[in-house]
Amino acid sequence: MATRGIGALIDIEKTILVRSRAKHWWEVAMTGVEKPHRFVDRRLAVSYAKMWAAANRPSTVRVMTPDDQLEREWNFL
């Protein structure tokens, strides 16, 4: 019975957000993870987020605009 509960947690979709912070860096954060990762280049941040999502399926990567609107999204099932 406990195994079924753990399996249900594994299948929860994770959301990884990529956001511009200040003028000089980008932040990559996964829901439920306390500390975000910082990058100086947008391409590096998005690439890292996609690799993180691929390794933690099912996941969604969302690139957000500076005013927190959705700019782009990828789903990893």
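All told, Leu44 falls short of being surrounded by 17 or more Cβ atoms within 10 Å (Cβ to Cβ), at pLDDT 85 or above and within 14 Å of the chain's Cα centre (by Cα).
Conditions tested, residue by residue: (1) at pLDDT 95 or above; (2) surrounded by 12 or more Cβ atoms within 10 Å (Cβ to Cβ).
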site	(1), (2)
Met30	no, yes
Glu34	no, no
Asn56	no, yes
Arg62	yes, yes
Arg72	yes, no
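Total residues in the range 15-25 satisfying the condition of being under 21 Å from Leu70 (Cβ atoms), at pLDDT below 95 and of a type outside the set (Ser, Thr, Tyr): the figure is 3. For first residues located in the range 40-69 and within 21 Å of Ile12 (Cβ to Cβ), partners that are in a helix (DSSP H, G or I) and at pLDDT 95 or above and lie 6+ apart or on another chain with Cβ distances below 6 Å form the pairs Ser59/Ala53; Val61/Ala49; Val61/Lys50; Val61/Ala53.
What are the residues in the range 42-70 that are aliphatic (A, V, I, L, M) and under 18 Å from His24 (Cβ atoms), if any? Talk me through it step by step, then tell me what you get.
Residues of the range 42-70 aliphatic (A, V, I, L, M): 44-46, 49, 51, 53-55, 61, 63-64, 70.
Residues satisfying the conditions are Leu44, Ala45, Val46, Val63, Met64.
The values are calculated or read from the model by the stated rules, or taken from the named source; none is laboratory data. No experiment lies behind these values; they were computed from the predicted model shown. Note that each Cβ is placed from the backbone with ideal geometry, even for glycine, and that neighbours are counted across all protein chains shown.
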